[in-house]
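Below is one structure; the comments refer to it alone.
Coordinate-derived values only; no laboratory data. Just so it is clear, the model here is predicted, and its values are computed rather than measured. Please note: Cβ atoms are built from the backbone with ideal geometry, for glycine as well, and neighbour counts cover all protein chains shown.
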C-alpha cells in the first residue's frame, strides 16, 4: 500500500512549532505530551482516532490565555502501548499524569472519546481538577441507540480474531477511508485541507488494539452515571449537526444529575466541533472559566 492512500506524516508546519513535546514516566505509564502558553493550566484529552496534534487549531488560540497541556493517551501518538485498553485505564493514566507533573488543572477538556474518559475520571478523581469541558460526549448514537450494541459486538469480534488488527490498521490508516468517515460521520462540512493537517496523523500513530478496545469500552460507558454527583462545574459543547450524539439528548440525560452543568451548541458544526469551529469553542471555554 505504498501509494497516495496511506496517511501522510504531518509536516513541520509553523503551527507545530508553537508546541514543545515532552515525555514523562508515571507509576504505570510512559506518556507523551505537548504544551504551550503560560498561566492557568488546561489539560486537553483527544478523541478515539487522534492524538495531541488534533487539538492544534483550538490550542493555538487558548495558549494566548492559558498554559495548554495536550496529552497522548496510552496507545495513541507517541505514548506507551498497552496490553489492554479501557476507559477506566485511560482515566487512571490521566490521574497519574496530573499527579506526576503536580498540575493544578483549572479545566480538563475532552473531545468525543476524550470526554467519556474525563467523565470516568471525574467519578473518581474530581479533586484533581477545578472544572471540565466536554465536547461532543457520546451519550448514545443519534436516533440509533441500537447501533451501540452492534458496534460493541463487531469490535469484540475484531479484537478476538487473529490477524484482524492488521487488516484494521490498513483500513484506519487509509486516507480515502478516513475521508469517508470524516465527511459522513464526523464533520458537518468536509474540509480536506483541515483534515489532512490535523485529523490524519493521529490515525497513523495509533495502536489498532487501542482503537478496537476503546471502541468497545466507550459503547458500554454511561456518561450520565459518571457525572450524576459531579462536584465540579462542567461545560458541554456540541455541534448543532453532530451525527453521533444529540445535544437535546444530552440535556435530557443530565436533567436528574446533581451538579453545575452548562450546555452550548455551535451552529453549522458536526461531531469534531473543536476542529470545525475552534474560535467559537475557545470563546465558550474562556467565558465558562471566567464565570466559575
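For the peptides 275-287, 243-255, 15-27, the ranking by mean Cβ contacts within 10 Å, running from highest to lowest, is 275-287, 243-255, 15-27. Listing 204, 81 from fewest to most neighbouring C-beta atoms within 10 Å gives 81, 204.
Based on other C-beta atoms within 10 Å, arrange 69, 117, 212 from fewest to most.
212, 69, 117
No solvent, one uniform scatterer per C-alpha: report log10 I(q)/I(0) for the range 205-249 via the Debye equation at q = 0.27, 0.28, 0.30, 0.32 1/Å, two decimals. With no solvent term, the Cα-only Debye profile gives -1.02, -1.02, -1.04, -1.07.
Order of 70-76, 232-238 by packing, highest average Cβ count within 10 Å first?
The densest-packed peptide leads the list: 70-76, 232-238.
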